[in-house]
Amino acid sequence: MKHYLITLAAILLITISYSCKEKTAKTLEEKSTNTLSFIKTNGTKLVDGQGTEIILKGTNLGNWLVPEGYMFKMEQVNAPRKIDELLYELVGPDSLQVFWNGFLKNYITHDDIRYLKSIGVNHIRLPFHYKMFTDDLYMGQRNAGFKYVDKLIDWCREEQLYVLLDMHCAPGGQTGDNIDDSYGYPYLFKSKSSQDLMTKIWVDIAKKYKDEPVIIGYDIVNEPIAHYFNDELDQLNHQLYLLYNRIIKEVREVDKEHMIFLNGSNWSGNFDVFEELVDDNVVYEFHKYWFDVNQEAIQSYIDFSEKHKVPIYIGETGENTDEWVNDFRILLDKNAVNWCFWPYKKMNNPRGIMNFNEPEDYHLITEYAKSDRSTYAKVRENRPDILKVQKALNQYLENSLYKNNFVNKGYTKALNFKIEE
C-alpha cells in the first residue's frame, strides 16, 4: 500500500509538473505572438509601449477592399460601383457574386502578409469602403467589414505587423472624384446624414478594437477635397476641420489609446485645414505623387511637424520608376519621415512590390471598358463572348493568389526591403 501511494504521488507530481510546463509554454507562445504594443505620439516621434522610437515603413493594400479601375485596367471605369456595373453587364449577377467572393478570398491572404513581414515591412495601410460597414450591397456582400478586418488582424498578429485602418471612401464622398466612389462632388461636407453615418462607423470600429494593439490607428478619411473645388476651399476646409473634431471627440469617448491619422485637404497635401490641434495623439498625414525629388518637396510638412511638435506620415506615394522611388525613400529616411508606399500588388505592372500576370483574353474586358456603353443597344452590341470573359475572370482570381505572384525586385529594392532569391 505504501509503495502504491508513493507511485501514485510520483504520477501526480509528474502530471502536475507536465501541466505546469505546458501552461508555461503556452503562455510564452502567446506572449511571443502578441508582443505588439500600442504606438503613441511623443513630440515629433512615434514610440512603442517601452518608449522606443518606431519609424513606420510599409505599403498599402490597395485594390483589395476598394477596387480601382486603373488596377483592373479599365480606363474610365474607375470607381468601385462602376467596376461592379461593368462586370454585371459582362457576366450577370450570379457569376459576379462568385467573382467578388473569390477576389476577396484570393487577392490578399495570410501568405501575402507573411511575405511582407519577411522583407522588412512593419505596418500596412488598409483602404476600405464605408459600405463594408452598412447594409449596402458592396462587392457582393453586406456588413462584411469586420469579417475581413478581423481576418487581417489575425494574420498580422501572427506575423507581428501593425495595421492602419483607412476610410478610403466615405459616405457622400469626401473627394469628389473616382477614388472615393462619389458622384463628382464632396457631398460629405454638405450632408448631415453622411457625417452622422461616417461618425457612427468610426465609433463602432473604435468600440470593437479599442483594446487591439495590432491596430496602429484610425486614418479618418483619405484625400479629402480635390483641387477641382479650390474656389470654395476655405469653406470646405472649415467643414472638414469641424468634422475631424466631431469624430475625434466621439471616438475618444470609447477609445483613448489609438492614434488618429488626419489627412490634409487637396489630396492630403494642404495642412491649412488644421486650424488648431485638438488631440495630443494625432499623426498628420500627407500624400504626394509625381514631383521632382528634393528637400523642398517635403519641407513644408517637416516645418509643420517641428513647429507644432507633432509626427507626420506620408500615407501614399510611389507609382513611379524604381530610381524615383529609391531617391524619394532615401529622402524620407534622411528626414525620419514615416512612410507607406502605394500599392503592394498590381496586375502586369512593375510599379509596386508584387506583380501578377494578366490572363489570356482579359483584353476583351479592357476593350469593353473603352467601348460605348451609353445605351442598352450599345451594351448588347459591344459585349464580348461571355464564356471567354468568365474564363478570364476565373484566371484573374488564380493569378492574383500569392503563390502565382512574382516580385518586382527593382521596386522592392528601392524601398530598401529584402529581396528573397
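Each value in this text was obtained by applying a stated rule to the coordinates, not by laboratory testing. This is a predicted model, so every value here is computed, not measured. So basically every Cβ, Gly included, is an ideal-geometry build from the backbone, and we count neighbours across all protein chains shown.
How tilted is helix 296-308 with respect to the longest principal axis of the chain? Cα atoms for both, answer in degrees (0 to 90, nearest 10).
The angle comes out near 50 degrees.
Show me 41-47, 210-216 ranked by packing, highest mean number of other Cβ atoms within 10 Å first.
Listed from highest to lowest mean packing, they are 210-216, 41-47.
So the label point goes 7 Å from the Cα of THR109 along Cα→C-beta, right? Which residues of the stretch 386-404 then have their backbone N under 16 Å from it?
394-404
For the stretch 147-207, what does the equivalent ellipsoid look like in terms of its semi-axes, each the square root of 5 times an eigenvalue of the Cα gyration tensor, given largest first in whole Å? Kindly include the intermediate steps, with their values, before the conclusion.
Values: eigenvalues 157, 39, 11 Å².
Result for the stretch 147-207: semi-axes of 28, 14, 7 Å.
So if I place +1 on the C-beta of Lys and Arg and -1 on the C-beta of Asp and Glu, and nothing else carries charge, what would the dipole magnitude of the chain be about its Cα centre? I want it in debye, nearest 20.
Numbers: 49 positive and 62 negative charges, 304 e Å.
The calculation lands at about 1460 debye.
For the stretch 110-118, just list the computed ³J(HN,Hα) in residue order, Karplus coefficients 6.51, -1.76 and 1.60, θ = phi - 60°, integers in Hz, with x standing in for Gly and Pro.
Working through the residues one at a time gives 4, 4, 5, 5, 4, 5, 4, 4, 5 Hz.
Please tell me the relative contact order of the stretch 171-286 in percent, rounded to the nearest whole number, where contacts are Cα pairs under 8 Å and at least six residues apart.
Across the stretch 171-286, relative contact order equals 26 percent.
Starting from 0.36 nm per residue, how many nanometres of slack lie between GLN76 and ASP303 once their C-alpha separation is accounted for? Can you show the working numbers first?
Working: separation 227, 0.36 × 227 = 81.72 nm, distance 3.79 nm.
So the extension gain works out to 77.9 nm.
Hey, fewest Cβ within 10 Å first, where do THR321, THR175, THR134, THR375 land in order? Each step should come with its number before you reach the end.
Details: THR321 13, THR175 28, THR134 16, THR375 9.
Ordered from fewest to most neighbouring Cβ atoms within 10 Å, THR321, THR175, THR134, THR375 come out as THR375, THR321, THR134, THR175.
Please give the calculated 222 nm ellipticity per residue for the chain, where each DSSP H segment of at least 4 residues contributes -39500 (n - 2.57) and the sum is spread over every residue; nearest 500 deg cm²/dmol?
On the way: 13 runs with 187 residues, N = 421.
Using -39500 (n - 2.57) per qualifying helix, the result is -14500 deg cm²/dmol.
Return, for the Cα atoms of the stretch 52-115, the radius of gyration and Dmax in Å, separated by a comma.
For the stretch 52-115, the Cα radius of gyration and maximum Cα-Cα distance read 15.2, 53 Å.
Of all beta bridges DSSP finds with both residues in the chain, what is the antiparallel percent, to the nearest 5? Don't jump to the answer; show the numbers that get you there.
Details: 9 of 43 bridges.
If I count the DSSP bridges inside the chain, around 20 percent turn out antiparallel.
I'd like the Karplus ³J(HN,Hα) series for the stretch 195-208: coefficients 6.51, -1.76, 1.60, θ = phi - 60°, whole numbers in Hz, and an x wherever there's a Gly or Pro.
My calculation for the stretch 195-208 gives 5, 4, 5, 4, 5, 4, 4, 5, 5, 4, 4, 5, 4, 6 Hz in order.
If I model a spin label as a point 7 Å beyond the Cα along the Cα-Cβ vector, how far apart are those points for SER193 and PHE406 in nm?
5.0 nm
Quick one: if you stick a label point 7 Å off each Cα along the C-beta vector at GLU158 and ILE119, how many nm between them?
2.0 nm
When only C-alpha pairs under 8 Å and at least 6 residues apart count, what is the relative contact order of the chain, in percent?
18 percent
Once Rh for the chain is found with the Kirkwood sum over Cα pairs, what is the Stokes-Einstein diffusion coefficient at 37 °C and 0.692 mPa s, in µm²/s?
142 µm²/s
Looking at TYR368, GLY184, ILE124, which one has the Cα that reaches farthest to the positive end of the dipole of the stretch 52-414 (charges on Cβ: Lys, Arg +1; Asp, Glu -1)?
TYR368
What are the residues whose amide H is under 5 Å from the amide H of HIS123, where those residues sit 5 or more places off or on another chain and H is modelled from the backbone?
Distant-sequence amide H within range of HIS123: LYS57, THR59, TYR162.
For a quick check: with amide H placed at 1.01 Å from N, whose amide H comes under 5 Å from PHE261's, ignoring anything fewer than 5 positions away on the same chain?
Those qualifying (amide H under 5 Å, at least 5 residues apart or on another chain) are TYR218, ASP219, ILE220, VAL283.
Search the structure for amide H atoms under 5 Å from the amide H of GLU275, placed 1.01 Å from N in the peptide plane, and list their residues when 5 or more places away or on another chain.
Here the answer is none, since no amide H 5 or more places off falls under 5 Å of that of GLU275.
Spelling out what I want: for every residue of the stretch 251-262, take phi, set θ = phi - 60°, compute 6.51 cos²θ - 1.76 cosθ + 1.60 (Karplus), and round to whole Hz; glycine and proline get x.
Once rounded to whole Hz, the list reads 5, 5, 5, 10, 8, 9, 9, 6, 5, 10, 9, 10.
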